Structures are given as C-alpha cells and as structure tokens.
1. Count, please, the residues in the range 184-228 that happen to be in contact (Cβ under 8 Å) with a residue 40 or more places away in the chain, small (Gly, Ala, Ser) and not in a loop (DSSP other than H, G, I, E, B).
2. How many residues does the range 11-44 hold that are among the charged types (D, E, K, R) and not in a loop (DSSP other than H, G, I, E, B)?
3. Search the range 174-207 for residues being at pLDDT 95 or above and over 19 Å from PHE7 (Cα atoms), and hand back the single one that is surrounded by the most Cβ atoms within 10 Å (Cβ to Cβ).
4. Being more than 19 Å from LEU40 (Cβ to Cβ), surrounded by fewer than 19 Cβ atoms within 10 Å (Cβ to Cβ), in contact (Cβ under 8 Å) with a residue 12 or more places away in the chain and of a type in the set (Ser, Thr, Tyr): is that true of SER83 here?
5. Which number in (1) closer than 17 Å to ASN21 by Cα; (2) assigned to a loop (DSSP other than H, G, I, E, B) marks the one condition that ASN60 misses?
6. List pairs: first residue in the range 28-47 and more than 14 Å from ASP68 (Cβ to Cβ), second residue among the aromatic types (Phe, Trp, Tyr) and assigned to a loop (DSSP other than H, G, I, E, B) anywhere in the structure, Cβ distance under 8 angstrom, at least six positions apart or on different chains.
7. Quick check on my filter: what residues within the range 1-17 are out of contact with any Phe, Trp or Tyr (no Cβ under 9 Å at 6 or more places or on another chain) and touching a residue at least 40 places away in the same chain (Cβ under 8 Å)?
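The values are calculated or read from the model by the stated rules, or taken from the named source; none is laboratory data. Just so it is clear, the model here is predicted, and its values are computed rather than measured. Every residue, glycine among them, receives a Cβ derived from its backbone with ideal geometry; neighbour counts consider all protein chains shown.
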Amino acid sequence: MDKIAFFLPTRKGSERVKDKNTRPFAHINGGLIENKLQQLTASKRIDEIILSTNDEICINIASKYISDRRLRIIPRPESLCLSSTNLQDLIRYVPTITEAEHILWGHVTTPICGAEMYDRAIDVYFSMLKKGYDSLVSVVELKNFLLNKQGKLINNTTPLLWPRTQDLFPLYEINHAMFIASKEIYVTTGNRIGKNPFLYLMNKLQSFDIDWEEDFAIAEMIFERNRL
C-alpha cells in the first residue's frame, strides 16, 4: 500500500498563546509536542512522522522519540517559520522533504485527536479514493444562524423566518485536525486538498483546536476528562 507521511509543523515564537507547543500540558512536561508525538508513535497506519520546526525545545523533546525509526526531525528554513510566512510557500515546501506518496498534515494544537482517530481517517481516505474523491479534510458540522455585515441571515434555506437550527442546511467548518492528500496534489496544485475532497466529519471534542489562551485551559480539561 502507498506510504503516508504525517507532516507536523511547529515554530518558536507563538504570539497568541505563549510557548504553547512546549509548556506543560495536562501534566505532560513536554507539552503539546510531546503529547502529539506520543499519539503519532502509537499509530499503526502512519509510515513516516516529519517534525518540521525551528524550535530547539521542540527538537530536544522530540529527540526522546527518535528510537521510532519513522520519526524524522527536519529543521525548517527560517523564512518558512515567520508569522508573515505565506501558507502557500509552506505547502509547496512539504513535498520536497518526503518520498511518501501521501501526506497527512496535522497540528499539535489538536491534542484530543489521537492515534486511533488518525488511523481510522487514513483508512477512510484510501477507501474514498476508490470512490472518486481525491483527498480528505476533517470538519465539524455547523448548524447555527450566520449573519453578514448587514445583519442578514445568510444560511436559511427554509421558508421560515426563524427555523429550528437543526433544520438549517448544514455548513462545514475545517477543524485543522487532518488534511490528507497525495504528494502529487501538493506538487501539481500547490494545495493540501484536492478538487474533490471527502469531508471527514468529527465532533467538536475530538477536534478541539487551541488558538487562544483560554483554549489551552479548556483543552487541558477535555484531555484530562478523556483520560479518566
């Protein structure tokens, strides 16, 4: 079967959540990066784990897992580690550092998403390729009232002025837990999903993403509860 590489990007200098990748998280001294490496090394379906970073602390923490031969620690060029870095440039960089035929792009900031979830999604991805999809992106379903700047409800497809939220036409929010596509798509389109992605539905707890300081505290509570 085609090999799949997990691309895990981190960088130093987090602006919204100080030291979010490496400060202790839920009694894990190595923080989010250590938690994610524990999850990835427990995976049965990931063939290569690529830590792409300019953070020496992340590298030191990751070195404890180097006995897993799937793990490769690749220092990332500083030009691709800036807050101003164009995501498109990073996407085009990824296929240059792996020989794997498929790439799963994930983040340390989704600490609840673990090995079993990744393995399940990989199986779904390969099965969906046979059905005509060309990639997979993880999402959460959004059924709530959305307004534009003029205060107009933009997602009501019913004849009612205020329908039940469960009757609204569903929209899907990318949750940043998983992007899976072939290396060929990265090279030919400069994108991490294709033209016909399969929307892989996850619940909010599984895919909780840390973006702000309060998210860090909430994620710790969710993580600790899941361990009970």
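1. 1
2. 2
3. PHE198
4. So SER83 fits the description; yes.
5. (2)
6. Nothing qualifies.
7. As a first pass, look at the range 1-17 and keep what is out of contact with any Phe, Trp or Tyr (no Cβ under 9 Å at 6 or more places or on another chain): 3, 5, 10-15.
Residues satisfying the conditions are LYS3, ALA5, THR10, ARG11, LYS12, GLY13, GLU15.
Table: residues versus (1) among the basic types (Lys, Arg); (2) over 24 Å from ASN226 (Cα atoms); (3) in contact (Cβ under 8 Å) with a residue 24 or more places away in the chain.
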| site | (1), (2), (3) |
| --- | --- |
| SER135 | no, yes, yes |
| LEU142 | no, no, yes |
| LYS152 | yes, yes, no |
| PRO159 | no, yes, no |
| TRP162 | no, yes, no |
